[in-house]
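Trainee: Below you will find the structure I want to go over with you.
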Amino acid sequence: MTTLDERLGAVRASGRRALVPYLMAGARPDWTRLLEAAVAGGADALEVGLPFSDPMMDGPVIQEAALAALAAGTTLDSVCAELGALDLGVPLVAMTYCNVVYHYGLERAAGRLREAGVLGTILPDLALEELDEWAAVCDAGDLATVLMVAPSTPPERVARVAARSRGFVYAAARMAVTGAAVGLGDGAAVVERIRAASPVPAYVGIGIASPEQARAAAAVADGAIVGSALVRRVLDGASPEQVESFVRGLREAIDAP
Amino acid sequence: MSVMGPPDGRGRFGEFGGRFVPEALVPACLELESAFAEAWADPAFVAEFHETLRLFGGRPTPVTPLARLSERLGLRVYAKREDLAHTGSHKINNVVGQTLLTRRMGKGRVIAETGAGQHGVATATAAARLGLECTVFMGEVDTRRQELNVFRMELLGARVVPVTSGSRTLKDAVNEALREWVTCVADTHYCIGSVMGPHPFPWMVREFQRVIGDEARSQLEDLGVGVPDVVVACVGGGSNAAGVFAGFADTSARLVGVEAAGGSAIGHGAPGVLHGMRSMLLQDEFGQIEEAQSISAGLDYPGIGPEHAHLAASGRAQYVGISDDEVLDGLTLLSETEGIIPALETAHAVAWVAGAAGNELAPGTTVLLNLSGRGDKDVAQVRALMRGDG
């Protein structure tokens, strides 16, 4: 049981559906203020993107944010240094691609992230078959490996993926990269398959962009992840107050009776 | 694992290869792996593959003794003439195999990435022949550099999508093709253009290309040459090199892959993960992928097929870099001495042979040069470079 399992388990035990906004580290100089704003708006956990030059699972919005972050000199070290200085009060999950952590060194990367307060990672290009090495390092260092289940994942494979996923299972609502289309899509069916296989919380992402969609996602799952819709606002210059207000809108929709 | 045998169960060649893709694509990669393994073990499929290459693809391509070049260099140089294959390069071998497999899997559409346009044109060609729908992703920069190839693909009934993400060149075209594949994997095959990507692609593409090496081996026997001392080929992703090397991996022939100096994944790269594979990659100190820089768009790729990374690490093959200036000399040398205008990619291999003659290559050394493609596509660019306004 990782710390992320405990923290997110407590969220579920309290009867709350989790809201997990995604923000790209370094996309703007004030990006850590945006994390604080998202927490103020009611986030239960935050997904923090570490930029990679070739983000295979991301659509145009997050690509743009990654390129902006890289142009500003963002690195794993710079992100960890800034995160380490914060006290956000909610769990942080880093989302990046294999090469960023491989190049840094698996043990070194896991240690550096955990030391900065990150409790889990999502590496979308690290499928089950290649997971062992990273999972061993993460298990030893109390860093959760959050895995994805897609609409194309066959049921017997769902069970194997969910059994290896820590903290939560990322339920992809559609066969698409991030930010390409909106709506709950196949989210309900994917969550059902995860629940049939595992007690790990299932959070829906990829297509959750509005309060209505967040509400629909939270109605069928343990949580909702909102990425591109928020990052678009950040890239368009939204103030921390506007970010807070957008996240609060999602929160209220999820919690409304 | 035998040299250039199948990869291990995880799709690894030594420490390279594997399958680093989003979960959404894993079932399709597994399906493709078993579909290819079954097809390649099915004599009827293999026969149809070779029959198609013979009746449609222009195979077998000859091995030509290069008499005047040999005399000039003091070597015995033979060329495997992939430039004479349909669409002008070895690319046709791979796309014939993959489109036949697409049909066998019951899929009606292929997508592909292309840099200069050679693989895109080849894919559009093979798709047209089987009546498959075809979409080709091409960096916006490349669509401007290679307008004529865009039109060729359109003539062949394909849709060309300009890629505006990232550096807008080949590596981004691969990213975009992978992103598209996630959305349509149930009815669409990703016809990847080289020995790269997630397992089983590097293995499958090498198997479809090994016809080059297998033919050349028996043709050199027939010519009384036997096994050459050296087999040399240019390497971007490395499919023509993998194909020709496969025919000689179990011999004493020295295998040489020639990279563009500005895109030298073996020479200047480090191990990493990109486009579904672990291989040698050009990257900065933070693991961000760098852009390759080469006179030839076909070698403008920051990575290399994982099997080549393994052949380099194990020492079975050697990889060298050739600068843009040497490439033009190689192109004119072959054109003037042999009446063959090679593609700029191929000219890298010619340039290495010319430079190595008399030092690394002792007089009388027999060399098999894989003449991977013809230079027609590059003539306008070469003219501009020679006039100094390229």
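Trainee: Can you pull out every residue in segment B:338-390 that is farther than 19 Å from residue B:63 by Cβ, out of contact with any Gly (no Cβ under 6 Å at 6 or more places or on another chain), acidic (Asp, Glu) and open to solvent by 10 Å² or more (accessible area, probe 1.4 Å)?
Mentor: B:360, B:376, B:389
Trainee: Out of the residues in segment B:238-268 that are of a type in the set (A, V, I, L, M, F, W, C) and farther than 23 Å from residue B:207 by Cβ, which is farthest from the chain's Cα centre (by Cα)?
Mentor: As a first pass, look at segment B:238-268 and keep what is of a type in the set (A, V, I, L, M, F, W, C): B:241-242, B:244-246, B:248-249, B:253, B:255-256, B:258, B:260-261, B:265-266.
Then keep just the ones that are farther than 23 Å from residue B:207 by Cβ; that gives B:260-261.
Numbers: B:260: 13, B:261: 17 Å.
Once the filter is applied, the top-ranked residue is B:261.
Trainee: I'd like to verify a number: residues in segment A:184-213 that are of a type in the set (A, V, I, L, M, F, W, C), farther than 14 Å from residue A:19 by Cα and open to solvent by less than 10 Å² (accessible area, probe 1.4 Å), how many?
Mentor: Our first condition is that a residue be of a type in the set (A, V, I, L, M, F, W, C); within segment A:184-213, this holds for A:184, A:188-191, A:194, A:196-197, A:200, A:202, A:204, A:206, A:208-209.
Pick out the ones that are also farther than 14 Å from residue A:19 by Cα and you get A:184, A:188-191, A:194, A:196-197, A:200.
Subset that is open to solvent by less than 10 Å² (accessible area, probe 1.4 Å): A:190-191, A:194.
Of the residues in that region, 3 qualify.
Trainee: Let me ask something else about it. Out of B:216, B:261, B:241, B:233, I need the residue that is surrounded by fewer than 24 Cβ atoms within 10 Å (Cβ to Cβ) and away from every other protein chain (no Cβ under 14 Å). Which one?
Mentor: Answer to the check: B:261.
Trainee: Are any of the residues in segment B:28-48 over 22 Å from residue B:127 (Cα atoms), more than 14 Å from chain A (Cβ to nearest Cβ), surrounded by 21 or more Cβ atoms within 10 Å (Cβ to Cβ) and of a type outside the set (Lys, Arg)?
Mentor: no
Trainee: For segment B:323-353, name all the residues that are touching a residue at least 24 places away in the same chain (Cβ under 8 Å), more than 17 Å from the chain's Cα centre (by Cα) and outside any helix (DSSP H, G or I).
Mentor: Here is the first cut: in segment B:323-353, the ones touching a residue at least 24 places away in the same chain (Cβ under 8 Å) are B:323-324, B:326-331, B:333-335, B:337-338, B:340-349, B:351-353.
This time we only want the ones that are more than 17 Å from the chain's Cα centre (by Cα), so: B:323-324, B:326-331, B:333-335, B:337-338, B:340-341, B:351-353.
Within segment B:323-353, B:323, B:340, B:341 qualify.
Per-residue answers, yes or no, for (1) farther than 14 Å from residue A:2 by Cβ; (2) surrounded by fewer than 22 Cβ atoms within 10 Å (Cβ to Cβ):
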position	(1), (2)
A:81	yes, yes
A:84	yes, yes
A:89	yes, yes
A:108	yes, yes
A:113	no, no
A:116	yes, yes
A:119	no, no
A:124	yes, no
A:144	no, no
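Trainee: Is it the case, given these coordinates, that residue B:61 is surrounded by 20 or more Cβ atoms within 10 Å (Cβ to Cβ), away from chain A (no Cβ under 14 Å) and assigned to a helix (DSSP H, G or I)?
Mentor: no
Trainee: May I pose another question? Cβ-Cβ distance below 7 Å, separation of 6 or more or different chains: which pairs start in segment A:47-76 with a residue that is at the interface with another protein chain (Cβ under 7 Å from one of its Cβ atoms) and within 11 Å of residue A:97 (Cβ to Cβ) and end on one that is of a type in the set (Asp, Glu) and part of a loop (DSSP other than H, G, I, E, B)?
Mentor: Within 7 Å, the pairs are A:56/A:125; A:57/A:125.
Trainee: Inside segment B:10-27, can you point out the residues that are within 23 Å of residue B:102 (Cα to Cα) and either more than 11 Å from chain A (Cβ to nearest Cβ) or assigned to a loop (DSSP other than H, G, I, E, B) (or both)?
Mentor: Pass one, segment B:10-27, residues within 23 Å of residue B:102 (Cα to Cα): B:10-11, B:17-27.
Residues satisfying the conditions are B:10, B:11, B:18, B:19, B:20, B:21, B:22.
Trainee: Also, quick follow-up: Given B:164, B:183, B:99, which one is open to solvent by less than 30 Å² (accessible area, probe 1.4 Å) and among the polar types (S, T, N, Q)?
Mentor: B:99
Trainee: Determine whether residue A:75 is buried (at least 18 other Cβ atoms within 10 Å of the Cβ) and either in contact with a Gly (Cβ under 8 Å, 6 or more places away or on another chain) or farther than 22 Å from residue A:242 by Cβ (or both).
Mentor: When the stated conditions are applied, residue A:75 passes them.
Trainee: Evaluate the following for residue B:56: is it of a type outside the set (D, E, K, R), open to solvent by less than 10 Å² (accessible area, probe 1.4 Å) and either away from every other protein chain (no Cβ under 14 Å) or within 17 Å of the chain's Cα centre (by Cα) (or both)?
Mentor: Here the answer is no, as residue B:56 does not meet what is asked.
Trainee: May I pose another question? For segment B:85-103, which positions are touching a residue at least 40 places away in the same chain (Cβ under 8 Å) and in a helix (DSSP H, G or I)?
Mentor: Matches in segment B:85-103: B:88, B:91, B:93, B:94, B:95, B:96, B:97, B:98, B:99, B:100, B:101, B:102.
Trainee: Can you tell which of A:125, A:77 is over 23 Å from residue B:199 (Cβ atoms) and acidic (Asp, Glu)?
Mentor: A:77
Trainee: Something else: Can you give me the ranges of the helices (runs of 4 or more DSSP H) entirely in segment B:224-315 with at least 3 residues that are under 18 Å from residue B:214 (Cα atoms) and in contact (Cβ under 8 Å) with a residue 60 or more places away in the chain?
Mentor: Values: elements: B:239-246, B:265-268, B:306-314.
Where helices (runs of 4 or more DSSP H) fall fully within segment B:224-315 and carry at least 3 residues being under 18 Å from residue B:214 (Cα atoms) and in contact (Cβ under 8 Å) with a residue 60 or more places away in the chain, they are B:239-246.
The values are calculated or read from the model by the stated rules, or taken from the named source; none is laboratory data. Keep in mind it's a predicted model, so treat the numbers as computed, not measured. Cβ coordinates were reconstructed from backbone atoms using ideal geometry, including for glycine residues, and neighbour counts include every protein chain displayed. All accessible areas refer to the heavy atoms of the entire protein, side chains included, with ligands and DNA or RNA removed. Shrake-Rupley method; radii C 1.70, N 1.55, O 1.52, S 1.80 Å.
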